[in-house]
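Got a structure for you, written out below as structure tokens; questions coming shortly.
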Amino acid sequence: MTNIILLGPPGAGKGTQARRLVEERGLVQLSTGDMLREARTSGTEMGKKVAAVMDRGDLVTDDIVIGLIEEKLKTARAKGFIFDGFPRTLAQADALGALLKRSGQELDAVIEMRVDDEALVDRISGRYTCGNCGEVYHDRTKPTAKPGVCDVCGSTDLRRRADDNAESLKQRLMEYYKKTSPLMGYYYAAGELFTVDGLADIDAVAKSIADVLDRAKGA
Ligand code: ADP
Ligand code: ADP
Ligand code: ZN
């Protein structure tokens with residue numbers, strides 16, 4: 001089993017790298033952001049409850065996201081998981097530790113993707129995704145080859161997120177620094193934290209992550 005957490009502020013490139021790890025290593029991506037957006041689109045009670053919270057850029061309550069992850073860990077069969085956007089609070093980190101332990105698993109690496117705030121604004125304001133297959137694009141750094149058409153699946157359903165605006169991003173960054181950045185100390189103390197330069201181009205970041213995983217496995 002290889003279980004990895006990708007840790008970093010909104011726009012750091014977690015989703016982009018998680019999808020590569022799925023492709024290259026056959027791991028399963030668990031993105032609480034994607035799960036919550038799915039709940040919104042399908043109009044479940046929970047989805048309705050969290051919509052306004054997400055659009056404001058606040059964090060959804062711990063019990064909701066922990067419940068989502070618990071459900072997936074119970075049902076998904078995988079060589080390992082990439083946790084993308086989870087945990088985001090110390091309580092979530094404790095809960096994940098307990099869930100993994102209960103199923104006899106452990107974390108191999110927590111990878112901090114370090115990116116400065118200026119770059120995040122640029123990344124978030126240019127981001128769009130394929131509504132069909134979830135591929136992540138950017139107006140400047142990773143546009144589709146053909147305008148308006150997904151490279152991966154050919155869908156023309158390309159979307160921008162409601163919360164990818166300047167005001168919501170400001171709030172998301174505040175939430176990140178207040179509630180999520182303490183996880184760096186938490187995992188550092190556990191000897192599980194590795195840091196990569198998230199400002200490098202997508203291939204270079206993927207290479208740094210691969211190096212970390214080789215090192216973590218060898219340790
Ligand atoms: P980004 O990719 O920009 O970091 P996500 O897609 O991970 O954003 O999350 C979008 C929104 O979903 C967050 O702003 C928050 O409202 C909610 N969310 C996602 N994951 C969590 C989590 N682990 N805990 C609390 N809220 C979450
Ligand atoms: P996160 O999941 O951390 O919020 P994403 O993977 O969605 O971040 O990436 C945010 C935006 O930045 C997307 O538009 C993506 O195409 C782009 N992006 C991701 N990684 C890089 C990179 N290393 N260099 C330049 N742009 C990137
Ligand atoms: Zn697609």
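The values are calculated or read from the model by the stated rules, or taken from the named source; none is laboratory data. If you're wondering where the values come from, they're calculated on a predicted model, not measured in any experiment. Reconstructed Cβ throughout: ideal geometry from the backbone, glycine too, with neighbour counts over all protein chains shown. Please note that ligands, DNA and RNA were not included when accessible areas were found on the heavy atoms of the full protein model with its side chains. Shrake-Rupley method; radii C 1.70, N 1.55, O 1.52, S 1.80 Å.
Conditions (1) assigned to a helix (DSSP H, G or I); (2) open to solvent by less than 60 Å² (accessible area, probe 1.4 Å), marked per residue:
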{"residue": "15", "(1), (2)": "yes, yes"}
{"residue": "20", "(1), (2)": "yes, no"}
{"residue": "37", "(1), (2)": "yes, no"}
{"residue": "48", "(1), (2)": "yes, no"}
{"residue": "53", "(1), (2)": "yes, yes"}
{"residue": "91", "(1), (2)": "yes, yes"}
{"residue": "105", "(1), (2)": "no, yes"}
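Moving on to the next point. When you scan segment 119-135, do you find a residue that is away from ligand 2 (no atom under 12 Å from the Cβ), assigned to a strand (DSSP E or B), closer than 24 Å to residue 30 by Cβ and open to solvent by less than 50 Å² (accessible area, probe 1.4 Å), even just one?
Taking every residue of segment 119-135 in turn, none turns out to be away from ligand 2 (no atom under 12 Å from the Cβ), assigned to a strand (DSSP E or B), closer than 24 Å to residue 30 by Cβ and open to solvent by less than 50 Å² (accessible area, probe 1.4 Å).
Conditions tested, residue by residue: (1) surrounded by 16 or more Cβ atoms within 10 Å (Cβ to Cβ); (2) polar (S, T, N, Q); (3) out of contact with any strand residue (DSSP E or B) (no Cβ under 9 Å at 6 or more places or on another chain).
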site	(1), (2), (3)
142	yes, no, no
146	no, no, yes
155	no, yes, no
159	no, no, no
162	no, no, yes
176	yes, no, yes
187	yes, no, no
191	no, no, yes
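Take residue 76 and decide whether it is modelled with pLDDT of 95 or more and either among the aliphatic types (A, V, I, L, M) or open to solvent by less than 40 Å² (accessible area, probe 1.4 Å) (or both).
No.
Taking the options 127, 161, 114, name whichever one is away from ligand 3 (no atom under 16 Å from the Cβ) and within 18 Å of the chain's Cα centre (by Cα). Don't jump to the end; show me each part of the working.
Working: 127 fails: away from ligand 3 (no atom under 16 Å from the Cβ); 161 fails: away from ligand 3 (no atom under 16 Å from the Cβ).
Result of the check over 127, 161, 114: 114.
Here is a further query. Going through 66, 5 one at a time, which residue ends up being more than 16 Å from ligand 2 (Cβ to nearest atom), crowded, with 21+ Cβ neighbours inside 10 Å and not in a loop (DSSP other than H, G, I, E, B)?
Values: 5 fails: more than 16 Å from ligand 2 (Cβ to nearest atom).
One residue alone meets the criteria, 66.
Further question: Which condition does residue 115 not pass, out of (1) out of contact with any helix residue (DSSP H, G or I) (no Cβ under 8 Å at 6 or more places or on another chain); (2) within 23 Å of residue 208 (Cα to Cα); (3) among the hydrophobic types (A, V, I, L, M, F, W, C), if it passes all the others?
Here residue 115 meets the rest and fails (1).
Follow-up question, since we're still on this one. So which residues in segment 107-118 are open to solvent by less than 60 Å² (accessible area, probe 1.4 Å) and either within 29 Å of residue 77 (Cβ to Cβ) or in a strand (DSSP E or B) (or both)? Don't jump to the end; show me each part of the working.
Within segment 107-118, the subset open to solvent by less than 60 Å² (accessible area, probe 1.4 Å) is 107-113, 115.
Once the filter is applied, which keeps residues that are open to solvent by less than 60 Å² (accessible area, probe 1.4 Å) and either within 29 Å of residue 77 (Cβ to Cβ) or in a strand (DSSP E or B) (or both), segment 107-118 yields 107, 108, 109, 110, 111, 112, 113.
Restricting the first residue to segment 1-29 and requiring it to be of a type in the set (Val, Ile, Thr), which pairs with a second residue that is within 11 Å of ligand 1 (Cβ to nearest atom) meet a Cβ separation below 6 Å and a spacing of at least six or different chains?
Correct list of pairs: 5/83; 16/136.
Something else: Just checking, does segment 137-157 include any residue being part of a strand (DSSP E or B) and away from ligand 1 (no atom under 16 Å from the Cβ)? Working first, answer last.
Within segment 137-157, the first condition is being part of a strand (DSSP E or B), and the residues that meet it are 137-138, 142, 146, 149.
Pick out the ones that are also away from ligand 1 (no atom under 16 Å from the Cβ) and you get 146, 149.
Looking through segment 137-157, at least one residue is part of a strand (DSSP E or B) and away from ligand 1 (no atom under 16 Å from the Cβ).
Looking at residue 150 and the list (1) touching a Lys or Arg at 6+ places or on another chain (Cβ under 8 Å); (2) under 25 Å from residue 25 (Cβ atoms), which single condition is not satisfied?
So residue 150 meets the others, but not (1).
Continuing with the same structure: Across segment 193-219, which residue is most open to solvent (accessible area, probe 1.4 Å) among those that are touching a helix residue (DSSP H, G or I) at 6+ places or on another chain (Cβ under 8 Å) and part of a strand (DSSP E or B)?
Among them, the one singled out is 197.
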